[in-house]
Amino acid sequence: MAENATEVAAGGVVLAAAVAFLVYAAQHTGWGEDPGTYPLKASFRSVEGITVGSDVRLAGVKVGTVTSLTLNPKTFYADAGIALQKDVQLPDDSAILISSEGLLGGNFVELVPGGSSVNLESGAEIEDTQGAVSLISLMMKFVGGGGAEGSAGSDATP
C-alpha cells in the first residue's frame, strides 16, 4: 500500500511540473494573452535579430513583447504583433524600429513616441517603421562608398 501511495505522489509532482511548464511557455511565447496588455501591429522590411518574445522598449524600459512574426505574401514585409502594457498609451504618429544593444548585443524593438493628441487604439497598426540594419551591409557601404565618391569626382567635367 505504501508503494502505491509513493507512485501516486510521484505522478502528482510530475503532473504539477508539466502544468507549470505549460503556463510558463504560454506566457512567454504570446500563446496566452496577458490581460494587462493590448495588441499593436507593425510591418517591417527586415526583422533580423528579432524573435517572438523579444523586448519592446520605450526610453530603454521594457514596456512590451513581440508576440508574432509572419511574412506578408503580398508585400513581402514581415508583419509583427506586439503586446504593449495598458498603462503605456502611444500617440498615433509614433514610430517603431529595430535597434541593437551594440556590436555584440542582441536586437530589440524600440518605440519612439510621436506628438499627436490621438492615441493608438488596441489592434491598431504603427505606420512609421524602420527595419533591422545589417552591420555587414553598413560596413560594405562604408568601404565601397569611399571608392565610389573618388571615381565619381574624377568623371566630373571641369
(request) Specify the residue that is farthest from Val112 (Cα to Cα); the eligible residues are those in region 37-90 that are assigned to a strand (DSSP E or B) and charged (D, E, K, R). (result) Asp79
(message) Can you report the number of residues in region 91-102 which are touching a residue at least 24 places away in the same chain (Cβ under 8 Å) and part of a loop (DSSP other than H, G, I, E, B)?
(response) 3
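Just to check your reading of the model, which residue among Gly115, Gly123, Gly105 is assigned by TED's automatic domain parsing to the domain that holds Ser54, part of a loop (DSSP other than H, G, I, E, B), at pLDDT 70 or above and within 18 Å of Ser54 (Cα to Cα)? Give the derivation first.
On the way: Gly115 fails: within 18 Å of Ser54 (Cα to Cα); Gly123 fails: within 18 Å of Ser54 (Cα to Cα).
Going through Gly115, Gly123, Gly105 in turn, just one is assigned by TED's automatic domain parsing to the domain that holds Ser54, part of a loop (DSSP other than H, G, I, E, B), at pLDDT 70 or above and within 18 Å of Ser54 (Cα to Cα): Gly105.
Any residue that is among the hydrophobic types (A, V, I, L, M, F, W, C) and modelled with pLDDT under 90 - is there at least one of those in region 27-49? Spell out how you get there, then give the answer.
Going through region 27-49, the residues among the hydrophobic types (A, V, I, L, M, F, W, C) turn out to be 31, 40, 42, 44, 47.
If we keep only those that are modelled with pLDDT under 90 too, we end up with 31, 47.
Yes, because at least one residue in region 27-49 is among the hydrophobic types (A, V, I, L, M, F, W, C) and modelled with pLDDT under 90.
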(request) Using the structure shown, decide if Thr70 is in contact with a His (Cβ under 9 Å, 6 or more places away or on another chain), at pLDDT 90 or above and under 21 Å from Thr37 (Cβ atoms). (result) no
(message) I need every pair where a residue in region 12-27 that is in the same structural domain as Ser54 (by TED's automatic domain parsing) has its Cβ under 9 Å from the Cβ of a residue that is at pLDDT 85 or above and surrounded by 10 or more Cβ atoms within 10 Å (Cβ to Cβ), sequence separation at least 6 or different chains.
(response) none
(request) Just give me the residues in region 101-132 being out of contact with any Asp or Glu (no Cβ under 6 Å at 6 or more places or on another chain) and small (Gly, Ala, Ser), in sequence order. (result) Gly102, Gly105, Gly106, Gly115, Ser117, Ser122, Gly123, Ala124, Gly131
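The values are calculated or read from the model by the stated rules, or taken from the named source; none is laboratory data. Note that the structure is a prediction, hence the values are computed from the model and not measured. Here the Cβ is made from the backbone with ideal geometry for all residues, glycine too, and neighbour counts use every protein chain on show.
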